[in-house]
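Read the structure below first, then the notes.
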Amino acid sequence: MLIFYKKLQLTTYLSTIAGDKVTIGFVPTMGALHLGHLSLIKESLLNNELTVVSVFVNPTQFNNPNDLSNYPRTLEKDVEKIKSISSKVIIYAPTVDDIYEKGAVPEHFNFDGLENTMEGQFRPGHFNGVGTVVKRLFNIVKPTNAYFGEKDFQQVLIIKKLVKTLNIPVNVIICPVFREPNGLAMSSRNERLSEEEKNEAALIYKTIQQVKIKFKTESVLSISNWVKEQFKNVPNLKLEYFQIADETFLLPCKIINTTTNYRAFIAVYVNNIRLIDTISLN
Ligand code: PAF
C-alpha cells in the first residue's frame, strides 16, 4: 500500500508509472471512511487502472471552527479499511501546507447561483472552500474519473460546474447514498453520534421517504409544513432546512412541472452534529 504525504512524491510517482494511456480513478475524501467511501473506491478500482484516494480535512470549507476541530481524523483506521478491499490503492494524505503553500485561503468562484442555496446559504463560503481544494486535488492527481457520493448532491453539481468552467478533463461520477440498517445516510459525522442519537436520526430518512410518497399527490407547501411538524417536538433534533428543488439548477420548486426532475434536500442537527440527506422524487 503506497501512502504519499507530499504532492511532489505523488506526482513524481504517477508520472513515472501512469503514461497518457493509464486511467486514474480518484476518490477525494476527508477521511473517517465508511462503507459509502469504500463503495466509491470499489467503483474506481473496477473502472480504472490506478486508484488514488485523498484523505484531507480541508480547512477552507468549514465556516464553523468547532466543526473543523471536531471533525474525526482517523488516518490509521482509514488505511486499514482501504487495505481490506485492496492493497493497490494509492493514498494521498497531505498536510495543510502541502495543499496550501501560501496559507489556507479559499478562492472565490461563481457557480451560477448553485452555491447560494441550502448548504451554501447555511454554511457561507463552504463551496468556495470545496471548489478551491477540489481544483487543487484535480490538478495534482490529474484523474480520468472522479467519484462522489449522491448524499452531497449539491456538492456534485458544484464540482461539475467547476470542471466545466475551468475545462478540467475529468469525468465526475455520482454514486448512490449508502445507508445504515435504520436508513440513516452514512457520513463521517455519524462517528460522533451515540447509539441513541443514531436511532433518533433515523427520522431524517423516514421523513424524506414519506416526502417521496406525498410528492405524488400533495403540494410542495403542504409537504414542507408536514416536514416541519415531524421535527417540531423531537427533543434532540432540529430541522435546519427542508427544500424541494429541481436537479439541475437547484431552484426551489413551487409548482410541480411534470417534465422536471426534482429532489428533496434536508439538513438536521442531532444535538450539535449536523447531518444532511437527499432523495430523488420522480
Ligand atoms: O465530500 C467531501 O468529503 C469533501 O467535501 C471533499 C470533496 C473531499 C473536498 O474536501
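In segment 144-155, of all residues being hydrophobic (A, V, I, L, M, F, W, C) and out of contact with any Gly (no Cβ under 8 Å at 6 or more places or on another chain), the one that is farthest from I279 (Cα to Cα) corresponds to F148. For segment 166-199, a residue qualifies if it is in contact with a strand residue (DSSP E or B) (Cβ under 8 Å, 6 or more places away or on another chain), of a type in the set (D, E, K, R) and assigned to a helix (DSSP H, G or I), and the qualifying residues are R189, R192, E197.
Looking at N167, N139 in this structure, which one is within 16 Å of the ligand (Cβ to nearest atom) and without any contact (Cβ under 8 Å) to a residue 60 or more places away in the chain? I'd like the intermediate steps shown before the answer.
Values: N167 fails: within 16 Å of the ligand (Cβ to nearest atom).
Only one candidate qualifies: N139.
Only residues that are under 18 Å from E80 (Cβ atoms) and part of a strand (DSSP E or B) were counted across segment 1-51, and they come to 6. Contact annotation: residue pairs with Cβ atoms under 7 Å, 6 or more positions apart or on different chains, pairing a residue in segment 199-220 that is in contact (Cβ under 8 Å) with a residue 12 or more places away in the chain with a partner that is part of a helix (DSSP H, G or I) and of a type in the set (S, T, N, Q), are L203/Q230; T207/Q230.
Being closer than 24 Å to T11 by Cα, more than 11 Å from the ligand (Cβ to nearest atom) and either without any contact (Cβ under 8 Å) to a residue 24 or more places away in the chain or not charged (D, E, K, R) (or both) narrows it down to one of N128, N145, so name that one.
Answer to the selection: N145.
Evaluating T16 against the criteria (1) within 15 Å of the ligand (Cβ to nearest atom); (2) surrounded by fewer than 18 Cβ atoms within 10 Å (Cβ to Cβ); (3) more than 22 Å from R189 (Cβ to Cβ) leaves one unmet condition, (1). What are the residues in segment 237-259 that are among the polar types (S, T, N, Q) and either surrounded by 14 or more Cβ atoms within 10 Å (Cβ to Cβ) or assigned to a strand (DSSP E or B) (or both), if any? Result: Q243, single match.
Contact map, segment 87-114: residues that are surrounded by fewer than 11 Cβ atoms within 10 Å (Cβ to Cβ) and of a type in the set (G, A, S) paired with residues that are modelled with pLDDT under 95 and part of a loop (DSSP other than H, G, I, E, B), Cβ distance under 6 Å, separation 6+ or inter-chain. Pairs shown: S87/M1.
Being away from the ligand (no atom under 16 Å from the Cβ) and touching a Phe, Trp or Tyr at 6+ places or on another chain (Cβ under 9 Å) is true for just one of D98, D112. Which residue is that?
Checking each option against the conditions leaves just D112.
The values are calculated or read from the model by the stated rules, or taken from the named source; none is laboratory data. Just so it is clear, the structure is predicted and the values come from calculations on it, not from any experiment. Note: ideal-geometry Cβ built from the backbone for every residue, glycine included; neighbour counts use all protein chains shown.
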